[in-house]
Every structure is written in structure tokens, then in C-alpha cells.
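Take a look at the structure set out below.
Derivation of every value follows stated rules applied to the coordinates shown; laboratory data play no part. It should be emphasised that the depicted structure is a prediction, and the values quoted were computed from it without experimental measurement. Reconstructed Cβ throughout: ideal geometry from the backbone, glycine too, with neighbour counts over all protein chains shown.
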Amino acid sequence: MPNRGQSQVKNKRRRSSKVSRRLTVLNPDAAGIDVGAREHYVAVPPGRDEQAVRRFGAFTEDLHKLAQWLLQCGVRTVAMESTGVYWLPLYQILEDYGLVVKLVNARHVKHVPGRKSDVQDCQWLQQLESFGLLSGSFRPEAKICVLRSYMRQRQMLISQASRHLQQMQKALTQMNLKLPQVLSELSGQTGMRIVRAILQGERDGMKLAALKDRRVKSTLATIAKALEGDYRAEHLFALRQAVELYDYHQEKIAECDEAIFKEMQALETRAVPSPTPAPPLKRKKRSRHHPLPFDSQAELYRIMGVDLTRIDGINEATGQLILSELGLDLCQKWPTEAQFCSWLGLCPNNEISGGKVLRRGTRKVINRVANALRLCAESLLNSKSSALGAYARRMRAKRDSKIAISATAHKLARLIYRTLKYGQEYSDIGQAQYEAKYRTNAIKSLQKRARQLGVQLIDPNPPAVVVP
């Protein structure tokens, strides 16, 4: 049996070991907020107020009181969960009061069981933030946030307009009018002319077919034959309403375009004027689906200082998305291009446990920029002259199309980061030079491997020696 002195020594050792294992408080002036639709629960460090946890309403007056109470308690940093869009007004008001706000992902703080109430949630956030264990979500600067809101609103209107276009196609199908089958695009000039003429009462197929544009490949007889159908009143009624709703959304899209152009003109110019005339921008074929009505490529060059569309696969729409979603100062948010690609979810993420690889592949991340880069990478599979196209096809032959698209999107993300960081234009070396460089590197790798195995490689077709 151990004596009393030995037990006291053991207890002291246990207490000292517990103290040594305690986490160091890095942010003593941190607060945590559990955001809700009707009320917010706020926790401040113990000892700052008689009531360390308070409940505030969600009205604007309550949000100002919340911010003032945090300042009275000496709070400098605030951590809150990204719950829907309820956090946005509180986030903006706290920033106006000079507080450093950190928006955290709810998945990253919900792994500890037993904390199911709002009071415990805000206390848990405050504790994690005080120990420096939380990483904030990315949010661009205020000017870029405004531009991003307009761009997302425009994309929402485009998706809603496409639904009404599908309703138009459904009404035509119910009347057995095969217009979508003879035209490549119903929303084009020819399609909308014929649809509006039908709504005005025209039923003669040849007269309707005469409205076609000269670029339409279908003949007049084919279009007239496709317009023979059963013009019922109920289907014409549905078609008329679909056209009216489609036109209404087109007007709202035009209003968004004006707001986007105004916000882009307000951004500062980064393009450095040079005494020598600058090389002309590499013009690419504009997208047929709702392009911006102004020269967005020139505006992007003025704002960014570089032409991202010189990178194969990147068009004006993708460049506009990169500006509105990421902003300009990528190096401040992501110090390295590896961190940038990790945030996009395009880099490999191998899960290893016990020396065994459990899962390979990329992380599941919902990111607009990453999705756009994957679409750009998919288009590069058909590029027969660029080095990026050759890389994409080589990866597809090595693995499969899905992995090739992710790998090419990863390479595009790195090129975008380097272009914006160093301000240098991208120059394509071409498919032939890329394949020659790849062949040279492959030969060097084989020669190195052969030397390690004690084998000598012999080229069956050595280059010809020219005798002077």
C-alpha cells in the first residue's frame, strides 16, 4: 500500500501534466455568436461581464446593441457560423464597428457531441476562437462583393429564363410543332420570330418559314413542314405566357448588365500604360448564351492588368466569374498556389490511415470557380493545337476523362494564380513543342532508371551526324 506522501506526489504530477496539456490562449479578446433567424446568442470571455452569454434579437436595432456590447466587453475578434444568409447583416454591422469577424464552416465545429443548445454553441465557438483553432471562410473585399451579388443575381435570372424557354418548347411539342428539331436554338432570332408570328395569328407554314435567318441550314420546305400542327387555344395560351415571362426576364438581365458595367467602371485600373503599343488582346469566340453587352474582355484587362483569356480554355465569362468571385489580391488570401488549389478542391486529397490509402481523389467542394474551370478543362480535350489540350488528352489516355478534367482544371488554377501574382501574360508553347518536351523528359527518366539498374539504353534511331 502506498503511503500518503506518495499519493500526494502522484496527484501533483497528474495536476502538473494536466496543466502542461492545456491549450495556449491565442485570442483572449474573442467572442462567439450562434446565428439564427429570430435571435442570436453571444458569448464573451468569462469575467468581461456579469452575464457572459446574452441573447439578442435579429432586428437591426438589436444588432447595433450587440456590437456595442461586444466593444464594451473589450472584444476584438468574433467567430460565427455561416448559417444560410442570416449571418450577412450581422457580419456587415460588426465590420462597420471595427471588429474582426471570422465566418466559420459549421461542419468544422460540430464534431464534438453533447453541444446541442444555442448557448453551448456560442460558448464553444468562443472557446475555439480563443485557442486559435478556427479558420475563417473566404470573403472578398466590399467592392468585389457588390459585383459578385450582381453577377449571381444575373445568373439566377438566366436560369429562370431557361425554365420559361423549356415551357415554350413543351407548348410547341403539345401542338406537334417540331420547331426545336429544325432549329439549333429556339431562343435565337429565327426561333423567336416564328414563335411571335404564331402568337400574332399566322398559321401559313411557308410564311413562317420565310422568317428564317440566312444562317439557318434547314430549308424553307423543312421548316414549313415542321410547323404543321394542332394549334389549340390552351397550348397557345401557355406559349404566350411563357414568351411574356421570358421577355420579362430578359429585361431584368439587361438591368443587371447595366449595374455590372457600372461597378466594373468604378474599380481601379491596374493595367500599366507602356510607351510602346500593347499587343492586341487575343480575341476568342464569344459565348452565344447571354454574353455581356459590353466589351468585358477589355474591362477585365484594365482591372486585372493581364489578359486571362490568353490562357487556352479561359473565355470572357470565366474571367468575369474569377473577378467577381475571387477579386484581385489572391496572394493575400492564399499565400501559395497550392493553398489556392486546395481551397478550390482541385488538388489530390489522399486519405491515409495505418499506412494504407483509404481513398484517393479530390475533396467534395461546392465552388463556382472550380466548376467553371472543369468546364474549361473539358473544352480543352478538343483543342488540337495548344499545349494544355495535349496535356488533357495525355491525362485522359493515362487514366480516364474525369481524372483528366480535374488534373487540367488544377493546372488552369495554377496558371491563373501565377498570372495574377506576377502580372505576366501566358504564352502557349503549342502542342508540338509540348510533346517534344515530354518525350525528352521521358527519355531522361528512363535513362536515370536504367543507370540505377545497371542497364544501358541504346537509341535505335540516332540523330544523323552532318559532316562539314
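Summary table
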| read-out | value |
| --- | --- |
| Options 42, 98, 64, ranked by Cα towards positive dipole end of region 30-130, top entry (Cβ charges) | 42 |
| Efficiency of FRET between residue 356 and residue 445 - r from beta-carbon atoms, R0 35 angstrom, step 0.05 | 0.80 |
| Loop trypsin sites (Lys or Arg not before Pro), region 146-205 (other Cβ atoms within 10 Å of the site Cβ: 12 or fewer; DSSP) | 203 |
| Longest site-free stretch - the chain; sites: GluC sites (Glu not before Pro), DSSP loop, at most 10 other Cβ within 10 Å | 51-267 |
| Positive dipole terminus of region 282-427, leading residue within 409, 291, 308 (C-beta point charges) | 409 |
| The chain, helix-only ellipticity at 222 nm - DSSP H runs n ≥ 4, -39,500 (n - 2.57), divided by all residues, nearest 500 | -17000 deg cm²/dmol |
| Label of the coordinate-derived value, Cα extents along the principal axes in Å, listed as (i) 108, 84, 59; (ii) 62, 57, 44; (iii) 206, 67, 36 | (i) |
| Given charges at Cβ of Lys, Arg, Asp, Glu: region 138-206 dipole, positive-most of 192, 150, 167 | 150 |
| Ranked 26, 321, 94, criterion: other C-beta atoms within 10 Å, fewest first | 26, 321, 94 |
| Neighbour cut-off at most 14 other Cβ (10 Å), DSSP loop, chymotrypsin sites (Phe, Trp or Tyr not before Pro), region 19-87 | 59 |
| Charged-residue dipole, Cβ positions (Lys, Arg, Asp, Glu), region 30-130 about Cα centre, Debye nearest 20 | 300 |
| Point-charge dipole on Cβ atoms (K/R +1, D/E -1) for region 83-173, about Cα centre, debye to 20 | 540 |
| Distance violations [Cα-Cα > 24 Å] among 143/333; 170/212; 384/437; 411/437; 333/398; 333/411 | 333/398 |
| Dipole magnitude of the chain about its Cα centre (Cβ charges: Lys, Arg +1; Asp, Glu -1), debye to nearest 20 | 2800 |
| Cysteines in the chain that, by Cβ-Cβ distance, have no pairing candidate under 4.7 Å | 73, 122, 145, 256, 331, 376 |
| DSSP H segments from the chain that extend 27 Å or more along their own axis, Cα-based, with Kyte-Doolittle mean of -1.0 or above | 142-174, 233-266, 401-422 |
| 14 Å beta-carbon shell around residue 350, net charge (K/R +1, D/E -1) | +3 |
| Residues of region 73-108 with amide N under 16 Å of a point placed 7 Å along Cα→Cβ from residue 156 | 84-89 |
| Fraction of antiparallel bridges per DSSP, the chain only, in percent to nearest 5 | 55 |
